[in-house]
Amino acid sequence: TSPVSQGQGEVVVYDAEQASLAEEFALQLQEQAEREQAELELVKAAVGTIFSVRKPRDAVAGTASGLKTMARGVGVGLASLVTLPAIGAKTGGIKGFAKGCGTGLATCVGSTVAGTLVGSGQIVRGVVNTPSAIVRTARGEVWNTETRKWEKDWYSLPEEAAEVLGSQSELNEEAQSSRPSRPARKVAHRELYDLLGVPPEAAESEIRRAFYKKSLALHPDKNPDNPEATRQFQAVSDAYRILGDEERRRAYDELGKDTAAANLPKIEPVVFFAALFGTHHFEPYVGRLRLAQDVDSDVQSMLREIVAAEEEDAGQLDLLKVSRAHKRMQVLEKRRQVQCAVDLAQRLEPVVVAPKESKKQAWEQWEAERRAEVQRLAQVPSGLEMLYHIGWLYVNGAQQWLAGSALRRLSAKVEAKAHLLKSKGELAAAAGRTAYSVNSIVKSTEKKKQEKEKAKAEKAEKAKKEAEAAEAAEAAAAEDVKNSTESTEKASKSSSHRGAEAGTSSTHSKAAASEPAAAGPAKPCKVYGPGTIVMLSNLRSNVELNEEVGVIERFDEESGRYIVHLSDGGQPRKLKAENLIVVEDPEPDPPEPQEKGSASQEGPKETKDEKETTEDSWAPGDEAEMAEAFKDTMPLFHDALWRVTAIDIEYTLAKVMQRVLRDMSVDKASRQLRAEALYRLGKILQEPLKEKRQEKTSGKAVETEALVERQTSSRSILARLSRLPWRSRRRDTEAKSREQDAKQKQMEAALLLMAAGASTDDVDEMLAARSAMESESFHGTRC
């Protein structure tokens, strides 16, 4: 509409359609700018993994950064010089090898030159920043390694807690907070909007704020005795999963809830890690694990795009959503660290503020409370390992603060870095073993599939050739009959009839002669019976059981495996035929029939049917076979996930202890008491696992003493040989096997609980029931 003049001023009539278009255009421009910024940050991060371009503090930091950059440049160049020719030779032969050599040489030279230039620049920048660093250090300022800036030497945990934890809406005040509300429009249903308490025209930031407010009020951890709150929390989460995604929200506005909620993924990693490691019981100590953080709409959408790209072989990841998800995870991680620091300070507070006259009683009471809590936490899955890991980190962090000299503090810091490096090495080894096992399984399955397809094709080709030969023989026989008939036209009718009968007889005889070649008596696959002595081989997950001898109890047709009892007396195991080598078979193969003419036609048919039945029992399907093979690798996945969890806890607690011990809102004496209490708490957390190890060691010592006493008192050589040390190694192997089985059961239970949509309370109930069953079984066995 055009403006209307009134005197000296102008009145513009508001046009809702134009305003909506202008708003859409502004949103598109803002999103495009954010996407370009995300792409730039991704490029910087990719370059930063090789060449360090961060601002150095002084000449020392600049020199260290420059030398690392130069070394990385040379390393990348040498690696490309070796790998690119190998890849080229594998894909393109001699020409590919020559092309790879050229590309590798160019990459080597370019990477080395770039690393030298960037490293030299870092050294120069460090030298230039040195005078400023000296001045600022003299003023009492400290260098912030995250922001790469000098700051005042002051830190207050209460101030940071008020800033980070005070406002619940801070997580959602990002670029979208400035967006105006959507224009009003009609929707098919308002149920989800009413559930979150927002109007249908609410912007994405308003929906997020409403969801976080509702979820925090209804969270099961805050309402442990209110099942209705848990139900409402799940409903609110489902509503946000729909309204938090633009496409699902549009589908809901147009068609309703049923269409929008179709195929809605249920991602609850908290339940998985709760069943696997009992992490929900340790949240007051380490917070919620990074892998178990709640997944917001950006990550949900990103995962859906990955699935869509795999199914449709098209599409790319939206870097903007990846960047938003990464920033949000950073904010959540900071909240986690600050919350853990506040909880740790409160946990240490009773002995810090205790008066001097009752300090001893306060320490005793505090340690008793902590030991009672530790005994409870030791009962959860992986509780002993988790407690020991946290305790070691607490002790090391306290030692860095309590150490009197700079050398001792440096020693404690070096020990912490070495421990972190060891954890990373163990993670790399566990990930490598897992990847190798999975790759072996995939290759083995593909090879078997190709062999089956090849055998099927050969069988079809053979059947085709035999059919063609049979048709040719019949045609030749018919031609002979025809020629014979024409040559005896003048013969009598009876003679002609006898000639035709003879031709028919010859045809049948030739067809019968071709049938044995087509049917071919096949030797059936033998299923070994009970009592067969076998030796184990080619086991991937339990390598220590290879070359062990056992006896077959029976063949399990459901799983297609043999039930084998090992010679060490352990639990029976289900093993594939390919993992067994027959040592002694009480039922040898029957001799093949020698007579050709006396064999009935039913014999080969029965043998063929028996062969097909045996093959079906051994081949339940490629997918089922692969699933069974992946079950054997579950202990490896368990170990890899534990290493990831341990490194996550190590990174987080380093920041947490730094906040607690550097908190300048309390005096130095209080910080000293915090460090001492932290040291004692770490020792208390380590006690359960140490006691278990000590009991195991003392039990072995007592057993060794008794063994030596029996050997010295016995005069029988056979009695002495029966008690050789290899029995203890076998017991260790059996214990390790039981541990692998327990890890596999934990992984299976965790996956099932997560897939079933269980809660942490369901996890605790399931674990309590399993513990009760195992206890009853143990007492029943002893009785």
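The values are calculated or read from the model by the stated rules, or taken from the named source; none is laboratory data. Quick caveat: nothing in here was measured; it's all calculated off a predicted structure. When we count neighbours, we look across all protein chains shown, and the Cβ atoms used for this are built from the backbone with ideal geometry, even at glycine. Each accessible area value is taken on the protein alone, full model and side chains, heavy atoms only, with ligands, DNA and RNA left out. Shrake-Rupley method; radii C 1.70, N 1.55, O 1.52, S 1.80 Å.
One table, with the values for the structure above:
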| read-out | value |
| --- | --- |
| Cut-off under 5 Å, modelled amide H: who pairs with residue 540 long-range | none |
| Distance between modelled label sites at residue 147 and residue 694, nm, 7 Å Cα→Cβ extension | 4.8 |
| Sulfur and carbon atoms: percent of accessible area, region 329-447 [1.4 Å] | 57 |
| Label-point separation in nm, residue 581 to residue 371, each point 7 Å along Cα→Cβ | 5.4 |
| Rounded to whole Hz, the Karplus (6.51, -1.76, 1.60) HN-Hα couplings of region 427-435, x for glycine and proline | 5, 4, 5, 5, 5, x, 4, 5, 4 |
| Under-5 Å amide H pairs with residue 57, H placed in peptide plane, nonlocal only | 62 |
| J(HN,Hα) series, region 200-211, from Karplus relation 6.51 cos²θ - 1.76 cosθ + 1.60, nearest Hz, glycine and proline x | x, 8, 5, 6, 5, 5, 5, 5, 5, 4, 5, 5 |
| For peptides 52-65, 460-473, sequence by mean Cβ density within 10 Å, most packed first | 52-65, 460-473 |
| Ranked by how many other beta carbons lie within 10 Å on average, peptides 639-648, 74-83 from highest | 639-648, 74-83 |
| Residue-wise HN-Hα coupling along region 50-62, computed from phi with Karplus coefficients 6.51, -1.76, 1.60 (Hz; x: Gly, Pro) | 10, 10, 7, 10, 6, 5, x, 6, 8, 5, 5, 5, x |
| Theoretical FRET efficiency, 1/(1+(r/R0)^6), r = Cβ-Cβ of residue 667 and residue 415, R0 22 Å, to 0.05 | 0.20 |
| Portion, in percent, of the accessible area of region 37-85 that falls on carbon or sulfur, probe 1.4 Å | 72 |
